[in-house]
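Quick notes on the structure that follows.
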Amino acid sequence: MNPDPTIARIREARHRISQKCGHDPKKLVEYYMKLQEEKYADRLVRPSRPSPPKESQTEV
């Protein structure tokens, strides 16, 4: 199978980003969360506050 140059560039970019984070998954997630907040805050959907649990009638 022939290598796809677009996929290769994407993988290279991802590797560079991971390298900046020391290949630490936690730091990588923090990086992407920060990027998301900075660049795409207007697109984010925030979860609403959870409503308190309703009292359920359980059979005994």
(message) Leu44 - would you say it is surrounded by 10 or more Cβ atoms within 10 Å (Cβ to Cβ) and either of a type outside the set (Lys, Arg) or in contact (Cβ under 8 Å) with a residue 40 or more places away in the chain (or both)?
(response) no
The residue from Ile10, Ile17 that alone is surrounded by 10 or more Cβ atoms within 10 Å (Cβ to Cβ), out of contact with any Phe, Trp or Tyr (no Cβ under 9 Å at 6 or more places or on another chain) and either assigned to a helix (DSSP H, G or I) or free of Cβ contacts under 8 Å to residues at least 60 places away in the same chain (or both) is Ile10
| message | Looking at the structure I just gave you, is Met1 surrounded by 10 or more Cβ atoms within 10 Å (Cβ to Cβ), of a type in the set (A, V, I, L, M, F, W, C) and at pLDDT below 95? | response | no
- Evaluate the range 41-51: report whether one residue or more is hydroxyl-bearing (Ser, Thr, Tyr) and over 22 Å from the mean Cα position of the chain (by Cα). yes
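The values are calculated or read from the model by the stated rules, or taken from the named source; none is laboratory data. Predicted model, so just to flag it, every value in this text is computed and none were measured. Counting neighbours? That spans all protein chains shown, and the Cβs are built from the backbone with ideal geometry, glycine included.
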